[in-house]
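Novice: Take a look at the following structure, please.
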Amino acid sequence: SAREENLKKEEEAGRLKFVCYSNDGIDEHMNIFARQLPNMPKEYIVRLLMDRSHKSVMVIRHSLVVGGITYRPYISTLYLSVMISSLKPRVLMLLVVLITPFPLPNHSQKFGEIAFCAITADEQVKGYGTRLMNHLKQHARDVDGLTHFLTYADNNAVGYFIKQGFTKEIKLEKDRWHGYIKDYDGGILMECKIDQKLPYT
Ligand code: BCO
């Protein structure tokens, strides 16, 4: 859209930046989430922002945070292979013998759970949310190796998520996500498949 093209120019001129942090305590970021997501307890927001398993992609203009998306990548294939590669060969053999009779759970999760998504009040509906989501998709695919996003969208944000390619139909195999993501009352579970080739930014 024309709005996104304008923001792209701002970005090229260096006036707009998209950054990704993990385990940060940036106040501005937290304040935007706390103000824009009044149903989320402030302590919960702080906890996830400080949590090492969550990451935040933020849009910054003139050194001020305009908004952000906090997500948790689930990449258990990696954890499993790191764990297995650190085992002694004998232990590994024993493990293989022991688990062979049982069906293995699907350990290639490769999805991200979006926990918070917000743009500061006076900058909403100017294209920032779309640009932010595109940066998130690019980062999640190229850095985290993710294939999907899941989120419990607030009722009033469903329209925004649909425009970002999310659907209410969940096609991701249930054993990849069920029991892992946090159930959230009053939200609608939505999914987005990340294109593996598209240049999102
Ligand atoms: O491209 P179009 O002009 O056709 O459409 C635009 C917007 O009109 C539309 N849109 C934006 N917010 C909408 C919405 N449609 C329906 N309902 C809404 N609430 O989406 C297209 C893209 O707009 P944008 O890029 O300018 O979006 P913006 O405003 O920069 O960012 C969207 C929000 C939802 C992040 C932002 O408006 C916001 O912070 N709203 C308040 C907080 C909020 O509702 N956050 C999402 C809660 S759900 C969540 O965080 C998941 C975890 C529980």
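Please treat every number below as a calculation from the coordinates, not as lab data. Note that the structure is predicted; figures quoted are calculated from it, not measured. Heads up, the Cβs are rebuilt from the backbone with ideal geometry, glycines too, and the neighbour counts pull from every protein chain shown.
Novice: Counting Lys and Arg as +1 and Asp and Glu as -1, each charge on the Cβ, what is the dipole of the chain about the Cα centre in debye, to the nearest 20?
Specialist: Result for the chain is approximately 460 debye, rounded to the nearest 20.
Novice: Given the options L189, H178, N31, identify the residue whose Cα lies farthest towards the positive end of the charge dipole of the chain (+1 on Cβ of Lys, Arg; -1 on Cβ of Asp, Glu).
Specialist: H178
Novice: Please label the shape of segment 153-201 as rounded, prolate or oblate, based on the square roots a ≥ b ≥ c of the eigenvalues of the alpha-carbon gyration tensor (a/c under 1.5 means rounded; beyond that, a/b larger than b/c means prolate, else oblate).
Specialist: It comes out oblate by the Cα gyration axes.
Novice: I'd like the FRET efficiency for V97 and L198, computed as 1/(1 + (r/R0)^6) with the beta carbon distance as r and R0 of 41 Å, rounded to 0.05.
Specialist: It comes out at approximately 0.40.
Novice: Scan the chain and hand back the longest stretch that contains none of the trypsin sites (Lys or Arg not before Pro) lying in DSSP loops with at most 12 other Cβ atoms within 10 Å.
Specialist: The longest such stretch corresponds to 53-167.
Novice: Between K17 and R61, what is the spin-label point distance in nm, taking each point 7 Å from the Cα along the Cα→C-beta axis?
Specialist: 1.6
Novice: How much length is gained on full extension from E123 to I188, taking 0.36 nm per residue of separation minus their Cα-Cα distance?
Specialist: Full extension of this stretch gives 20.9 nm more.
Novice: Taking amide H atoms as placed 1.01 Å from N in the peptide plane, list the residues 5 or more away in sequence, or in a different chain, whose amide H sits under 5 Å from that of E113.
Specialist: Those qualifying (amide H under 5 Å, at least 5 residues apart or on another chain) are R72, Y74, L150.
Novice: Treating the chain as a set of equal point scatterers at the Cα positions, no solvent, please give the Debye-formula log₁₀ I(q)/I(0) at q = 0.15 Å⁻¹.
Specialist: -0.95
Novice: Only Cα pairs within less than 10 Å get springs; with that Gaussian network setup on the chain, which residue of V125, V143, V91 has the largest fluctuation?
Specialist: Of V125, V143, V91, the Gaussian network model singles out V91 as fluctuating most.
Novice: Taking only DSSP H segments of four or more residues, each worth -39500 (n - 2.57), what value at 222 nm results for the chain once the sum is divided by all its residues, to the nearest 500 deg cm²/dmol?
Specialist: Value at 222 nm, helices only, nearest 500: -11000 deg cm²/dmol.
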